[in-house]
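To keep things clear, I will list the structure first and then write my remarks on it.
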Amino acid sequence: MSLNNGQSLNVGGQDFTKNGGSSSRAPWEDARTVLRPSTPTRKPKSPKPENAITIAVSSRVLFNMEKEQQIYEQQGMEEYIKYQVEHETEPFSPGPAFSFVKALEAVNAKLRELYPESEELFDVVLMTNNHANVGLRLINTINHHREFQGHLGDMSFYLFSSAVLIFKDNLCQICEPGIAAAIMFTPEKMKEVSDTQLRVAFDGDAVLFSDESERICKAHGLDKFFEHEKAHENKPLDHGPLKGFLEVLGKLQKKFYGKGQRMDCPIRTYLVTARSAASSGTRALKTLRSWGLEIDEALFLAGAPKGPMLEKIRPHIFFDDQMFHVEGAAEMGTVACHVPYGIAQRVVKKGTKDKETPNASK
Amino acid sequence: MVSTDQKTDVKEKEADCPVVVAVTSHAVFESGAEDPDGLYVGGIAFPLLQALQKVNERLLKENPAESLLFDVILITTESQQQQESSRITESIRHHGLKVSRFCFSNEEDFMENLLNNNVHLFLTTNRNEALQGSQKGVLSVLLDEHTASCPTEQLRVLFCGDAVVQSEAGPALASKQAAQSFSAQIGKMRGRFGPFDSPISIALVTSRGGRESCGDALRTLRSLGVNADEAYCLAGVPRGPIKRLLRPHFLLSECFSSN
């Protein structure tokens with residue numbers, strides 16, 4: 001088993017797979033379905049997967065396991081497991097995905113209030129290729145955070161699997177069509193984010209949209225790119241891997257609007273793109289409109305760095321296909337995820353597996 | 001009852017006794033089938049036996065003096081097979097299986113045989129036999145066609161952690177003690193190998209309860225000396241997909257039952 005998913009990207013030292021939610025269909029191809037018939041407990045029910053928006057997080061994004069990771073790297077698997085077991089009752093501290101998951105649960109709580117019968121909720125699944133022996137420490141940690149922070153209780157599926165055998169399958173299947181996946185990085189210093197409003201920021205090309213325009217840019221340069229975008233302004237771009245997630249967020253937003261909560265909707269979405277408002281941005285907006293999708297704020301940076309803008313927005317999570325932007329965001333305290341898709345990946349350093357390119361999500 | 005000893009060199013130390021696994025000929029061979037040489041054709045339990053053998057080979061590789069090994073006994077109640085005992089032994093040898101003893105018995109005696117041979121695990125494709133075995137306190141596992149498709153390179157054991165949900169394959173009455181001691185043996189064997197490249201893989205699945213259930217099950221296993229490699233807390237998700245992914249040779253749930 002390797003704790004390292006094979007992609008050694010080093011902002012913040014963390015590298016694993018965190019899946020963005022797909023549309024409301026259960027995203028897992030076979031084994032990792034999450035289905036919960038009603039359980040007779042006081043806890044709120046977890047939704048059935050076909051109704052839910054399933055988000056899988058890896059243990060190392062949810063919690064801070066840096067120290068343990070070091071032990072694994074320097075002393076090997078057995079020492080690592082031994083250490084984990086010895087420290088079983090010590091909860092991990094939160095990792096980069098923690099505030100995101102908390103925000104998801106906060107949204108769930110509000111949705112339940114407004115629509116008590118609905119199963120259209122976020123369903124958070126903990127998936128990790130950690131050894132089962134580490135499972136107890138993870139469970140203890142979740143219990144701890146639940147008690148002291150009142151959140152993070154409702155994960156419905158835990159998967160501790162050490163076998164290289166299994167995990168390799170997982171990794172391939174995670175990147176099969178239909179599942180949006182991204183690699184989350186830890187900022188040096190995480191900026192504070194909202195407790196009450198889930199904020200998700202997306203890059204445009206090769207994240208919400210396909211990488212078709214980026215290809216032109218790379219092949220023929222910026223001028224050609226502008227020309228092309230102007231000429232095709234009214235032709236919607238093809239969709240990218242995170243389109244489904246935006247779609248699903250939009251769907252939930254409408255549920256809040258339906259109950260009069262437009263002004264302080266608990267979900268807010270952002271487009272943060274290098275396109276410029278004057279020219280190429282139009283096509284992006286028109287594409288979104290043609291998909292029937294709304295985005296709360298569109299920020300056209302015309303090539304300016306994204307870090308400072310993101311720092312103002314304070315999203316819980318930001319998706320981009322280019323490491324340059326991911327790193328830039330993380331430097332300024334934003335939890336940024338690299339979406340390993342599209343033409344930008346060909347240019348990246350060695351070690352990136354081609355097969356980890358997620359196809360467009362549903 | 002007639003029994004033929006093929007091998008008498010199975011060591012029995014005080015500390016680590018072999019794990020005696022009895023398997024019926026129905027499970028090992030496909031009934032009614034014959035290959036061109038007139039030998040029996042491998043049946044449902046075949047991959048399982050090969051996996052057991054693989055474990056033994058690896059155990060001996062780690063420690064040539066290892067005594068905690070699987071000791072496989074073939075049991076048959078079919079009189080025809082008993083008359084053609086050489087055909088059975090030939091078939092076994094031909095397929096490269098290592099069976100230490102053959103027990104030919106009749107239907108009344110075969111239960112006693114299990115007990116006399118100190119069988120830790122009884123494998124059969126016959127539901128009645130499995131039931132009888134359980135009632136006598138022998139850990140009995142009913143094999144089905146899924147077993148036939150399991151890997152031969154690694155023995156895969158799946159523990160089902162919810163007491164409520166019994167393994168579909170096994171009858172509900174197997175004694176807890178037999179299950180626990182077998183599990184402890186498996187745990188010990190697993191412990192002979194490191195985290196990677198082990199010929200045994202142990203997985204835990206809890207079906208209904210949440211993480212508490214899973215945590216409890218992990219602790220129970222640990223108290224038996226079993227360290228699971230993988231754990232799945234399904235919290236209500238159907239087990240089918242996980243089972244298909246894991247392809248366990250057999251499931252054990254009796255360790256966790258409350259009675």
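Only the coordinates and a few stated rules stand behind these numbers; no lab work does. Keep in mind that what you see is a predicted model, and the values were worked out from it rather than measured. When we count neighbours, we look across all protein chains shown, and the Cβ atoms used for this are built from the backbone with ideal geometry, even at glycine.
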For B:Ser175, list long-range residues whose amide hydrogen, built 1.01 Å from N in the peptide plane, is under 5 Å from its own amide hydrogen. B:Gly137, B:Val138
Scalar couplings 3J(HN,Hα) for region A:216-229 by Karplus 6.51 cos²θ - 1.76 cosθ + 1.60 (θ = phi - 60°), nearest whole Hz, x for Gly and Pro, are 5, 4, 5, 6, 10, x, 5, 4, 4, 4, 4, 3, 4, 5
Per residue of region A:279-285, in order, report the coupling 6.51 cos²θ - 1.76 cosθ + 1.60 (Karplus, θ = phi - 60°) as ³J(HN,Hα) in whole Hz, putting x for Gly and Pro. 10, 5, x, 4, 4, 4, 5
Computed over the Cα atoms of region B:19-149, what is the convex hull's projected area averaged over all directions, in nm²? 8.1 nm²
Once amide hydrogens are built 1.01 Å from N within the peptide plane, the residues lying 5 or more places from A:Asn64 or on another chain with amide H under 5 Å from its amide H are A:Ser93, A:Gly95
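Which links in A:Lys191/A:Lys243; A:Lys67/A:Lys243; A:Lys224/A:Lys306; A:Lys110/A:Lys235; B:Lys98/B:Lys188; A:Lys191/A:Lys286 stretch past 28 Å when you go from one Cα to the other?
Numbers: A:Lys191/A:Lys243 26 Å; A:Lys67/A:Lys243 35 Å; A:Lys224/A:Lys306 23 Å; A:Lys110/A:Lys235 37 Å; B:Lys98/B:Lys188 22 Å; A:Lys191/A:Lys286 32 Å.
Violating the 28 Å limit, Cα to Cα: A:Lys67/A:Lys243; A:Lys110/A:Lys235; A:Lys191/A:Lys286.
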Distance from a point 7 Å along Cα→Cβ of B:Arg87 to each backbone N in region B:31-55: keep the residues under 13 Å and list them by number. B:31-41
Pull out a ≥ b ≥ c, the square roots of the eigenvalues of the alpha-carbon gyration tensor of region B:155-252, then state rounded if a/c is under 1.5, prolate if not and a/b is larger than b/c, and oblate in the remaining case. rounded
Under the rule that an exposed site lies in a DSSP loop and has at most 12 other Cβ atoms within 10 Å, name the longest stretch of chain B with no GluC sites (Glu not before Pro) of that kind, not counting the sites themselves. B:154-259
What's the exposure ranking of B:Arg211, A:Arg112, A:Arg262, B:Arg58, going from fewest to most Cβ atoms within 10 Å? A:Arg262, A:Arg112, B:Arg58, B:Arg211
Cα-centred dipole magnitude for region B:19-149, charges only on beta-carbon of K, R (+1) and D, E (-1), debye, nearest 20: 460 debye
Projected onto their principal axes, the Cα atoms of chain B stretch, largest extent first, over whole-Å spans of 55, 38, 34
FRET efficiency estimate (nearest 0.05) - Cβ-Cβ, A:Asp264 to A:Thr89, R0 45 angstrom: 0.65
Contour excess over end-to-end distance, with Cα ends at A:Arg112 and A:Glu73 and 0.36 nm allotted per residue: 9.7 nm
Distance in nm between label sites at B:Thr152 and B:Asn116, each 7 Å beyond Cα in the beta-carbon direction? 3.3 nm
Chain B: DSSP helices with Cα axial extent of at least 15 Å and average Kyte-Doolittle hydropathy no lower than -0.5: B:46-62
Identify, among B:Gly209, B:Gly194, B:Phe159, the residue whose Cα sits farthest towards the positive end of the charge dipole of region B:155-252, taking +1 on the Cβ of Lys and Arg and -1 on the Cβ of Asp and Glu, with the dipole about the Cα centre. B:Gly194
Sorted from fewest to most neighbouring beta carbons within 10 Å, what does the list A:Met65, B:Met111 look like? B:Met111, A:Met65
Just to be sure I understand the model, the point goes 7 Å from the Cα along the line to the Cβ. What's the resulting A:Arg314 to B:Asp144 distance in nm? 5.5 nm
Between A:Val272 and residues 5 or more places away or on another chain, which pairs have amide H atoms under 5 Å apart, with H built 1.01 Å from N, and which residues are they? A:Phe202, A:Asp203, A:Gly204, A:Leu299
Toy charge model, Lys and Arg Cβ at +1, Asp and Glu Cβ at -1: region B:155-252 dipole around Cα centroid in debye, rounded to 20, equals 120 debye
Residue farthest toward the positive end of the dipole of region B:19-149, with Cβ of Lys/Arg at +1 and Asp/Glu at -1: which of B:Leu69, B:His26, B:Val119? B:Leu69
For the residues A:Phe100, B:Phe110, what sequence is obtained by ranking on other C-beta atoms within 10 Å, fewest first? B:Phe110, A:Phe100
With label points built 7 Å along Cα→Cβ from the Cα atoms of B:Gln177 and B:Ser79, find their separation and express it in nm. 3.7 nm
Would you kindly enumerate the cysteines in chain B that have no other Cys beta-carbon under 4.7 Å from their beta-carbon? B:Cys17, B:Cys103, B:Cys150, B:Cys160, B:Cys255
